[in-house]
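Colleague: Got a structure here, written out as structure tokens. Questions coming.
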Amino acid sequence: MTKLRFIIMLFTLFLISTSYGFSLQDEGSSASVRMEIENQTKRLYTTSNSQERAYILYERAKLYNYLGDSERAIHDLTSAIELYPSFIDAYYARGSVFNNVGLPEKALEDLNIILTMAPNHQHALRTRAAVYMALEKYSLALQDMNKLIQTNNKIGDLFYQRSLILMHLEKFDEAVSDLTTAIQLNPDNGQFLLTRGSLLLKIGKFHEAKADLEILHAAMPDNEEIATLLKMAEAGIIYQAQFQ
């Protein structure tokens with residue numbers, strides 16, 4: 001696997017895993033969460049108001065998700081939605097849990113419902129772009145990222161993420177442009193610079209790649225991977241010079 005493909009894969013996995021993630025905690029934390037689940041269950045039976053019950057179920061679902069109990073989390077979120085059909089946060093939470101347990105198509109159903117009700121929902125757009133990436137529906141992912149950037153054009157990470165989608169679509173010049181914007185917005189982000197250097201190397205722009213990789217090598221002289229990429233750029237320059 002090339003460095004560039006590895007970077008793209010990491011981005012997709014990161015966005016999917018962080019959309020509504022949970023982490024297993026130590027026993028002390030788990031015990032306190034279980035106690036809170038009991039409290040929420042008691043609260044559930046003290047009210048007959050549908051919307052209030054939906055919120056309680058939503059809160060309990062988050063606790064189940066925290067413990068890694070995705071099945072109960074999904075069950076509570078589904079019940080919350082049945083009680084309160086326009087509960088956007090519950091749709092988003094359920095879609096994210098579906099995503100995390102490897103059901104991207106189910107996640108898409110919930111994300112699409114959210115974006116029907118709230119077309120500019122930032123988290124839903126970003127998560128749906130990640131789901132589309134995982135499903136290799138890159139053109140659809142690009143549409144969502146374009147919409148996000150229209151209203152968030154000062155966030156370097158969005159340009160970085162869009163560049164990875166553009167790479168999958170083999171729109172390399174546009175990807176370089178997005179990476180350049182990302183670097184301008186976040187000049188200290190080494191990942192952005194490494195990605196641009198790797199892409200420039202891939203498309204044969206060896207002088208530009210060398211410039212990026214030299215900056216990284218100066219900052220991390222012991223990094224063997226960067227040193228190897230820099231040598232590849234230098235070798236590419238020598239090779240191209242033979243035909244000039």
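The values are calculated or read from the model by the stated rules, or taken from the named source; none is laboratory data. Just so you know, these numbers come straight off a predicted model, no measurement behind them. So basically every Cβ, Gly included, is an ideal-geometry build from the backbone, and we count neighbours across all protein chains shown.
Colleague: Is it the case that segment 179-193 has a residue that's of a type in the set (Asp, Glu), within 30 Å of ILE226 (Cα to Cα) and either in contact (Cβ under 8 Å) with a residue 40 or more places away in the chain or surrounded by 15 or more Cβ atoms within 10 Å (Cβ to Cβ) (or both)?
Modeller: no
Conditions tested, residue by residue: (1) hydroxyl-bearing (Ser, Thr, Tyr); (2) buried (at least 20 other Cβ atoms within 10 Å of the Cβ).
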| site | (1), (2) |
| --- | --- |
| SER96 | yes, yes |
| GLU105 | no, no |
| HIS121 | no, no |
| ARG128 | no, yes |
| GLN150 | no, no |
| GLY156 | no, no |
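Colleague: Additional query: For the structure I just gave you, tell me whether ALA209 is in a helix (DSSP H, G or I), over 29 Å from the mean Cα position of the chain (by Cα) and of a type outside the set (Phe, Trp, Tyr).
Modeller: Judged against the criteria, ALA209 is not a match.
Colleague: Ok, one more. Across segment 75-94, what is the total count of residues that are of a type in the set (A, V, I, L, M, F, W, C) and over 21 Å from the mean Cα position of the chain (by Cα)?
Modeller: 5
Colleague: Enumerate the pairs (first residue in segment 225-238 and assigned by TED's automatic domain parsing to the domain that holds GLY204; second residue anywhere and surrounded by 13 or more Cβ atoms within 10 Å (Cβ to Cβ) and not in a helix (DSSP H, G or I)) with beta-carbon separation below 8 Å, excluding pairs fewer than 6 apart on the same chain, so at least 6 apart or on different chains.
Modeller: ILE226/MET220
Colleague: Quick one: how many residues across segment 49-72 are among the hydrophobic types (A, V, I, L, M, F, W, C), assigned to a helix (DSSP H, G or I) and either within 17 Å of SER29 (Cβ to Cβ) or in contact with an Asp or Glu (Cβ under 8 Å, 6 or more places away or on another chain) (or both)?
Modeller: So the answer is 3.
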